[in-house]
Amino acid sequence: MQDTGTFVGGYAYQKLRSLGCTEATAASYATKTSIKSFESGEIIWRKGQTISHWCTIINGLVSCSLIDEEKRDIHVALFNENAWFGEHAILSEKPSFANYRCLVSVDTLQIEAGCIREMLSTELAFATKLAKVLAWRMQRTSEMLMLFRMGNPALRSVIGISQFAEALAYDSDRPSAMEIGSKVSISINQSVLASLCGVSRSRFSSVLHSLENKGWLRLEYGTIEILNLPAWHSFAASKRSLHFINYDPTIDELLDELNVCLFRLRSLA
């Protein structure tokens, strides 16, 4: 049976190599990593807390959220398996700007912030990739924050679901477009999902049933299966790229927009 130390070192080595580190650097810093586990609902870092490690998710799902002036928890990013998170605070050497909460049980691979800064000074490919990821994420966070702050409950619900569709369909530590499958499943309580979207449980349920009736998702006990993933991906991208957005759409208008995205994708196939 493979011992834990061997697994951690081998896994960490592969992760660091995928980030552009040389073989020697990856082998050296892989020995300085560790694994830490968290329970569902546990907060990994709170806003204002010093982030001591850069983390990647071995398994699980983590939400990044901000607290607005009205004390609402505004969800702005999701991190799925293979995604790294926490780099902004490490690079800026400032406290965490958000809360990082586990939506399910999570296992993380951690590497100390000091090690990241050392690699940034010696590994050009690593530094370049991290800079691209950081720029992409900050832009995306800003766009999502505006949508969740200004949007009505229907828009927040549909945008929230589209975030899950994106995060669960591909590695969210990459700022590049990737091929995505036809469907993914969310095994998270609907009350938790409603809270992440900043809407009531009843309003969120109403949106879910409207989407199910039009074939955009399938509801089963304890699970939401999101269908037609490429269209969800296109919808989310269009919302983030528009300068003039209707922040008060009806659910029917949002369904029409999803249909337009699906039609365009099919016409290009």
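The values are calculated or read from the model by the stated rules, or taken from the named source; none is laboratory data. Since this is a predicted model, take the numbers as computed values, not measurements. Positions of Cβ are backbone-derived with ideal geometry, glycine not excepted, and every protein chain shown enters the neighbour counts.
The number of residues in the range 54-75 that are modelled with pLDDT of 90 or more and on the phi > 0 side of the Ramachandran plot comes to 1.
If the condition is being under 18 Å from Asn152 (Cβ atoms), touching a Lys or Arg at 6+ places or on another chain (Cβ under 7 Å) and aliphatic (A, V, I, L, M), then the range 211-269 contributes Ile245, Leu255.
For Ile67, are the conditions met, namely being over 17 Å from the mean Cα position of the chain (by Cα) and surrounded by 19 or more Cβ atoms within 10 Å (Cβ to Cβ)? Here the answer is no, as Ile67 does not meet what is asked. Identification of helices (runs of 4 or more DSSP H) wholly contained in the range 152-269 with 3 or more residues that are modelled with pLDDT of 85 or more and small (Gly, Ala, Ser) yields 153-169, 190-197, 201-213, 229-241.
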